[in-house]
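Undergrad: Okay, here's the structure, questions in a sec.
The values are calculated or read from the model by the stated rules, or taken from the named source; none is laboratory data. Just so we're clear, the structure is a prediction, and the values are computed from it rather than from any experiment. Please note: Cβ atoms are built from the backbone with ideal geometry, for glycine as well, and neighbour counts cover all protein chains shown. Heavy atoms of the whole protein, side chains included, go into the accessibility calculation; ligands, DNA and RNA do not. Shrake-Rupley method; radii C 1.70, N 1.55, O 1.52, S 1.80 Å.
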Amino acid sequence: MVILNPPFSVPPTWLDELRMTMSRPAEAWCDPIHTNLIATAKELDAWLRQMPPYKGIQRQGWLCLLKDFEHSATNLGPEVAQELGGDLASAVTTAQSLHALFTLRRYDAAATPFAARRGTDSAIVTQLVQQLEGAAVRRAAWRDLVAVCQDTGSCREIIAWRRDFLWDLFRLTKYDPDRLMRSFLDIIADDEYAVIDAQVWLGERNASAFDAHPSPMAQAGLTESARLALCERLAAAPAVLAHHVVWFAYTHASIHRLDLGPLSFYNSEWVRGNLEHGGPFLHELPKELTHPDSWFQYRDLPKAKDTALVRVDLDKGNFADPVQSAREQAEATITLAGFRQGDVTWHMMQGYLHSVNGHISGIGTFRPPHDLDKLARPAHFDNMSDALKNIGPKLGPHLPLRDAMLAEVIDALRDWQEATRQSPLSAILLNVRIMEFLAARTGHEKWYLYLEEYHALSWVWAHMHRELHNTVHQALYSKVPGISEADEAEVTRLQQAVSKHHGDGYTADLRQALAALPTLTRIFTLREQFGRRLHTLAGRLSSPTAVAIWGDELREQWTRSLERLQRVRNALAHGNPIEPMTAHTIHLYSQRLAATSLSISIDGLLDSSSSLVAEHDKNRDKAAGWFSSVQTAATVEDALFVK
């Protein structure tokens, strides 16, 4: 399917905002440290089934997990909460009871009663996880998202929670988010092809009844309510009993023909040439490619050289998302083969062909892999020379390196850089190891006590500044359809006031960013891109009291996140169950904390008038002074910045 991105209305409607909200499912809208019921329920289920008999050393992990579970249950939408009903209530009651049990100081006082009830508790949580996988919960989650997008009173966080929860539900049930996204966006825009494609998939129309593709940008003529109803049915689509075959394409692949169980490999040029010219080996192609009533044409196949087609025959069965199931089979096979030869050189293209009962009913346009990390960085973006000039005056007196402490910190910095290239679980271990090292250098036996003393309040402060910067910066450099010339000139003036460009990038004047908020909230309506985020931020910065309330909320978030990081680190060390979604929530958190710790340490070691410990003390005291002054600040500017 070719995505032509139908234009938004001017000004945008709530349906336009819904389309914007459903886009780019791989990019979470929630703060990275936010966790939801899917992750906490799955992890609690695993702990109840797999953890060894309870001992006191497990106490912190259990209490933290139960707290996360109870908190995530409060963030559900009303439709989902109602759908989960008694199963959710029973699981929450169980978690609260376990929390009270593990609060007992003596582990032996909790071990025996826990062992007696563990089987029953496990069954209750397992039932909740199974219900989360059901179609009815996906339908309810869709309704919750639609409701908050319609509501002008919804803050950005509520929309983010509903959106990310819905996408995580699809991932839980093995749906391909990107494929669903394209369907949702185009159905909401009333695209005729997307409407027909969804109706065929749901069994509401017969694919062979259409003679040709609808013309590009053709409208289906559905009412708003009919489009939303179709999206809802698609969100809750049941598994389809049919014979499914899915085709994928790989670049940098040299192969002619190979059969490997249910997987068959073809040279794309060979297949395309036979289809285009009607032979001479047309009889060797699978029937779904030559079906006379199919929408499929040879032009739908990639034409680049060194491209392989992989046909995955799933046979007859029930699949919630056959394309995703087939993709996992193909990728697993290529990964194993690549491991045996030392490297994976084949790269899966975007796109697919999906055949149901011998008839291709779904087509995703084949395009090159989308991997920004593999793009070469132009030399004129290299800022290393500027960085060397900036650090030179402080680093020069220490060269050649003779300070053992500075050498150790630089080694830790290399570890941090290595961690940025690793998977979340490996990166978390390296980041915590860095913080353990720095904790010891500041006289702390426990790394988490070091973080609590030196970083808790500065993290809250930095979070506020980062949200102000990111929100205003995105708004200033985004296009607003229908903006007046006067407002466009005002945005240009604000860009120059907020962003100070120089050789190695730019610095942001956050006081100017704060002053720009009233103008930006006037220009950006609630339903514009970044509109909700701007208006939510403006509310949080509407008064010193509002800033203080936000600070208290972030302080509680810090505590939950630090406890979760400690839980995941201990689980890694002792082989306890870890839910990947949970690890993802504290991956970036650990990375930023390790980076901040290293930055403070380097500043102290390079400054002849300071030291590693003194620099930590200075940063701690500065953040503590800011936090205590928020309650008595006369203005929002005083509440956000130290005079």
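Undergrad: Pairs of Cα atoms under 8 Å, at least six residues apart: use those to get the relative contact order of the chain, whole percent.
TA: Answer for the chain is 16 percent.
Undergrad: Relative to the Cα centre, what is the charge dipole magnitude of region 105-230, using +1 at the beta carbon of each Lys and Arg, -1 at the beta carbon of each Asp and Glu, and rounding to the nearest 20 debye?
TA: Once rounded to the nearest 20, the dipole reads 840 debye.
Undergrad: A follow-up question, please. Grab the other residues whose beta carbon is less than 12 angstrom from that of Gly531, score K and R as +1, D and E as -1, and report the net.
TA: Around Gly531, the charge tally is +2.
Undergrad: Averaging over every viewing direction, what projected area does the convex hull of the Cα atoms of region 523-587 cover, in nm²?
TA: Seen from a random direction, the Cα hull of region 523-587 projects 6.1 nm² on average.
Undergrad: Which values of log₁₀ I(q)/I(0), to two decimal places, follow from the Debye formula for the chain at q = 0.06, 0.11, 0.12 Å⁻¹ with a uniform point scatterer at every Cα?
TA: Those come out to -0.42, -1.36, -1.49, one per q.
Undergrad: Dividing the convex hull volume of the Cα atoms of region 467-587 by its residue count, what figure in Å³ per residue is obtained?
TA: Enclosed volume per residue, from the Cα hull, is 146 Å³.
Undergrad: At 7 Å along the Cα-to-beta-carbon direction for both Gln150 and Ala508, put a label point, then send me their distance in nm to one decimal.
TA: 3.5
Undergrad: Here's something else I'd like to know. Take the residue pairs Lys55/Lys446; Lys55/Lys618; Lys42/Lys446; Lys479/Lys500 and return only those whose Cα atoms are more than 32 Å apart.
TA: Distance filter (> 32 Å) returns Lys55/Lys618.
Undergrad: Ala89 to Gln350: extension gain in nm, 0.36 nm per residue of separation minus the Cα-Cα distance?
TA: Length gained, Ala89 through Gln350: 89.8 nm.
Undergrad: Now a separate question. Which FRET efficiency, nearest 0.05, do Ala486 and Glu418 yield, Cβ-Cβ r, R0 30 Å?
TA: Efficiency for this residue pair is about 0.05.
Undergrad: Which of the helices in the chain meet the span-like rule: DSSP H, Cα axial reach of 15 Å or more, Kyte-Doolittle mean at least 1.0?
TA: Those that clear 15 Å and a mean of 1.0 are 424-441.
Undergrad: When only Cα pairs under 8 Å and 6 or more residues apart are kept, what is the percent relative contact order across region 554-643?
TA: This gives 13 percent for region 554-643.
Undergrad: Between Phe281 and Gln297, what length in nm is gained on full extension when 0.36 nm per residue of separation is reduced by their alpha carbon distance?
TA: Contour length minus Cα-Cα distance gives 4.1 nm.
Undergrad: Something else: Under the 0.36 nm per residue contour assumption, what length would be gained going from the current alpha-carbon distance of Thr74 and Leu399 to full extension?
TA: Gain in length upon complete extension: 111.5 nm.
Undergrad: Could I ask something else about it? For region 187-325, calculate the relative contact order in percent as a whole number, restricting contacts to Cα pairs under 8 Å that are 6 or more residues apart.
TA: It comes to 32 percent, rounded to a whole number.
Undergrad: Taking the alpha-carbon distance from Lys305 and a cut-off under 17 Å, which aspartates and glutamates remain once sequence neighbours fewer than 8 residues away in the same chain are dropped?
TA: Glu269, Glu276
Undergrad: Which one of Leu541, Ala486, Gln58 has its Cα pushed farthest toward the positive end of the charge dipole of the chain, where Lys and Arg give +1 and Asp and Glu give -1 at the Cβ?
TA: Farthest towards the positive pole: Gln58.
Undergrad: Over region 184-290, give the accessible area per residue in Å² for a 1.4 Å probe, as an integer.
TA: 46
Undergrad: For Tyr506, Tyr454, Tyr107, write out the residues from largest to smallest accessible area, computed with a 1.4 angstrom probe and no ligands counted.
TA: Tyr107, Tyr506, Tyr454
Undergrad: A further question on this structure: Say each of Glu408 and Ile549 gets a label point 7 Å from the Cα, pointing the same way as Cα to Cβ; how far apart are those two points in nm?
TA: 4.6
Undergrad: A further question follows. Which FRET efficiency value, to the nearest 0.05, do you get for Arg493 and Glu556 by plugging their Cβ-Cβ distance into 1/(1 + (r/R0)^6) with R0 = 30 Å?
TA: Approximately 0.20, to the nearest 0.05.
Undergrad: I'd like to know which of Tyr175, Ser72, Ile124 lies farthest towards the positive end of the charge dipole of region 57-211, counting +1 on Cβ of Lys and Arg and -1 on Cβ of Asp and Glu.
TA: Farthest along the dipole direction, towards plus: Ile124.
Undergrad: Shifting gears a bit: When the accessible area of the chain is computed with all protein chains present and a 1.4 Å probe, what percentage of it is carbon and sulfur?
TA: Answer for the chain: carbon and sulfur cover 53 percent of the accessible area.
Undergrad: Glu331 to Glu232: FRET efficiency via 1/(1 + (r/R0)^6), r the Cβ-Cβ distance, R0 25 Å, to the nearest 0.05?
TA: 0.25
Undergrad: Still on this structure: About the Cα centre of region 241-346, how large is the charge dipole given +1 on each Lys and Arg Cβ and -1 on each Asp and Glu Cβ? Please answer in debye to the nearest 20.
TA: About 160 debye.
Undergrad: Give, rounded to the nearest 20 debye, the magnitude of the charge dipole that region 30-101 has about its Cα centre when Lys and Arg contribute +1 at Cβ and Asp and Glu contribute -1 at Cβ.
TA: 440
Undergrad: While we're looking at this one, here's another question. Among Ile188, Val200, Pro238, which residue has its Cα furthest toward the positive end of the charge dipole of region 117-260, with +1 on Lys/Arg Cβ and -1 on Asp/Glu Cβ?
TA: Pro238
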